[in-house]
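Colleague: Next up is a structure, given as structure tokens.
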Amino acid sequence: MSYINENFLELQESYLFSTIAKKVAKYTEEHPDKEVIKLGIGDVTRPIPKACVEALHKAVDEMGTQEGFRGYGPEQGYEFLRKAIVENDYKARGIDIAEDEIFVSDGAKCDTGNIVDIFAKDNVVAITDPVYPVYLDTNVMAGRSGKFNSDEGTYQNIVYLPVTKENGFKPELPKQRVDMIYLCFPNNPTGTILKKDELKKWVDYAKANNSVILYDSAYEAFITENDVPHSIYEVEGAKDVAIEFRSFSKTAGFTGLRCGYVVIPKSVKGYSKEGKEAEYNKLWNRRTCTKFNGVAYIVQRAAEAVYSSEGQKQIRENINYYMENAKIIREGLEDAGIKYYGGLNAPYVWLEVPDGKTSWEFFDELLQESNVVGTPGSGFGPKGEGYFRLTAFGTKENTIKAMERIKRKGC
Ligand code: MLT
């Protein structure tokens, strides 16, 4: 007999975005005449920038020649891409990160999920509430959560840090000691940000408590205001306590192509139960070499092209396009008299569900009456109840149409 990993039994229903996809598929099957606009999952709609497409073609051709053929690449990523990342994403911002502190991957979802491998099972995990569900679910799978309390909608051993309008969407430091802290800014799902001094208090907390911050900055390219940090390493001392996740998915339209990276400075240390210090960088490197054969060469060449001057220009055009959608959403909500947050430095707008309805009630109503799909806030955690997320990643035409429908609906 084989036994299952019983931690999986602790997971709640299906993964949020699969549940939504199923509901939408059912609705469209039953109403084939309806044109449903999807502003739910944050999947991009703009094509991959031309510079990346050209790099892909070139790399494919290379692979078909004897001289250009490549087999297994370095598990951590090709030097050309790690170098481009260091130069453009870090050195250009005055941050000193070494190439061997960068690990190229098939995306931030996998990285933020897989990182749990290198931490002890009894670490205490803190997440914001609401939160991108991957951080929580992967810790449940790893056995770090304890039992689910269905009255509260929370897990026994997880420390929840509310981010709601009451605290301006800024998580407060935990009252108890925690070991692993997940932060995502610009935030998914609320679209809100932390300023440098607000982030500094987390770095100080992590230093004082020997904790690690798992910082997801997948949406940094969408920051429009000047005084918002793009990387946690802009904060003094963060290199000793923070691991950072980045992605080409939203920045360069790679949701289907798959490429991201994680930064693990060698100065970020953990401890064995005997108190022996270990570099998380080494542990992750060991894990990567064992479980991963690297991202496809052609995809890494496409990612490298993001940093070319043409690539930069083209991704900026796409990002501006999405941020224009965010503006259309914000203005539409204002016209409809719906209170909202975010959408200024992030491609997500977080709205307050009108008339005291639950997030899922609003989801069903919007789907059925307006044929618009969003994401129910409660799917991101109990404190997301009463909120709803709209993504700016649709086409401009659909975004305009969706907002007209929402206004017409008269919330
Ligand atoms: C989201 O909608 O929150 C994201 O698209 C999910 C993801 O990036 O995996």
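The values are calculated or read from the model by the stated rules, or taken from the named source; none is laboratory data. Values in this document were obtained by computation on a predicted structure and should not be read as measured data. Don't worry about glycine lacking a Cβ; one is built from the backbone with ideal geometry, like all the others, and counts go over all protein chains shown. Note: accessible area is taken over every heavy atom of the protein model, side chains too, but ligands, DNA and RNA are not part of it. Shrake-Rupley method; radii C 1.70, N 1.55, O 1.52, S 1.80 Å.
Colleague: What figure in square angstrom, to the nearest 10, would you give for the accessible area of D129 with a 1.4 Å probe?
Modeller: Around 10 Å² of this residue is reachable by solvent.
Colleague: Show H230, H31 ordered by accessible area, largest first, where the area counts protein heavy atoms only and the probe is 1.4 Å.
Modeller: Solvent-accessible surface, decreasing: H31, H230.
Colleague: Among K170/K383; K201/K383; K201/K239, which pairs are too far apart, with a Cα-Cα distance over 20 Å?
Modeller: Exceeds cut-off: K201/K383.
Colleague: I would also like to ask the following. With a sphere of radius 15 Å drawn around the Cβ of A51, what net charge do the other residues whose Cβ falls strictly inside it have (Lys, Arg +1; Asp, Glu -1)?
Modeller: It works out to a net charge of +2.
Colleague: Give the separation of the Cα centroids, region 58-116 to region 13-33, in Å.
Modeller: Centre-to-centre distance over Cα atoms comes out at 36 Å.
Colleague: Next question. For the chain, what is the relative contact order in percent, using Cα pairs closer than 8 Å and at least 6 residues apart in sequence?
Modeller: With pairs under 8 Å counted, the relative contact order is 23 percent.
Colleague: Which is the longest run of the chain containing none of the GluC sites (Glu not before Pro) found in DSSP loop states (not H, G, I, E, B) with at most 10 other C-beta atoms within 10 Å?
Modeller: Free of exposed loop sites, the longest segment is 275-411.
Colleague: Ignoring ligands, DNA and RNA, please state the percent of accessible area on the chain from carbon and sulfur, probe 1.4 Å.
Modeller: Looking at the chain in its full context, I get 48 percent from C and S.
Colleague: Excluding residues on the same chain fewer than 8 positions from K109, give the aspartates and glutamates whose Cα lies under 15 Å from its Cα.
Modeller: The qualifying aspartates and glutamates are D43, D117, D137, D216, E244.
Colleague: Take the alpha carbon atoms of region 288-406, find their radius of gyration, then divide it by 2.2 N^0.38 Å using N residues; give the quotient.
Modeller: Computed over Cα atoms of region 288-406, the ratio equals 1.34.
Colleague: Sticking with this one: Just the number please: accessible area per residue for region 1-44, 1.4 Å probe, all protein chains included, in Å².
Modeller: The answer is 73 Å² per residue.
Colleague: Next question, about the same structure. Given contacts defined as C-alpha pairs under 8 Å and at least six residues apart, what's the relative contact order of region 179-295, whole-number percent?
Modeller: 20 percent.
Colleague: Work out how much length A92 to D33 would gain on full extension: take 0.36 nm times their residue separation and subtract the Cα-Cα distance, in nm to one decimal.
Modeller: Length difference between fully extended and current span is 16.2 nm.
Colleague: Still on this structure, I have one more. Among residues other than V228 whose Cβ falls under 11 Å from its Cβ, what is the net charge (Lys/Arg +1, Asp/Glu -1)?
Modeller: With Lys, Arg at +1 and Asp, Glu at -1, the neighbours total -3.
Colleague: In region 34-112, which chymotrypsin sites (Phe, Trp or Tyr not before Pro) fall in coil by DSSP and have 13 or fewer other Cβ atoms within 10 Å?
Modeller: Those satisfying the criteria are F69, Y72.
Colleague: Right, another one. Give the average over all directions of the projected area of the C-alpha convex hull of region 228-337, one decimal, in nm².
Modeller: Averaged projected area of region 228-337's Cα convex hull equals 11.1 nm².
Colleague: Taking springs between alpha-carbon atoms closer than 10 angstrom, which of N293, N371, N167 fluctuates most in the Gaussian network model of the chain?
Modeller: For the chain, modelled as a Gaussian network with Cα springs under 10 Å, the answer is N167.
Colleague: Decide, for region 1-130, between rounded, prolate and oblate: order the square roots of the alpha carbon gyration tensor eigenvalues as a ≥ b ≥ c, take rounded if a/c falls under 1.5, and otherwise choose prolate if a/b is larger than b/c, else oblate.
Modeller: oblate
Colleague: Still on this model: With every protein chain present, what is the per residue accessible area of region 53-307 (1.4 Å probe, Å²)?
Modeller: Roughly 42 Å² per residue, with all protein chains present.
Colleague: Here's something else I'd like to know. In the chain, what % of DSSP beta bridges are antiparallel (nearest 5)?
Modeller: 55 percent
Colleague: Further question on the same structure: How high is the relative contact order of region 204-250, given as a whole-number percent (alpha carbon pairs under 8 Å, six or more residues apart)?
Modeller: Value for region 204-250: 49 percent.
Colleague: Using only the Cα atoms of the chain, construct the convex hull and provide its projected area averaged over every direction, in square nanometres to one decimal.
Modeller: 22.5 nm²
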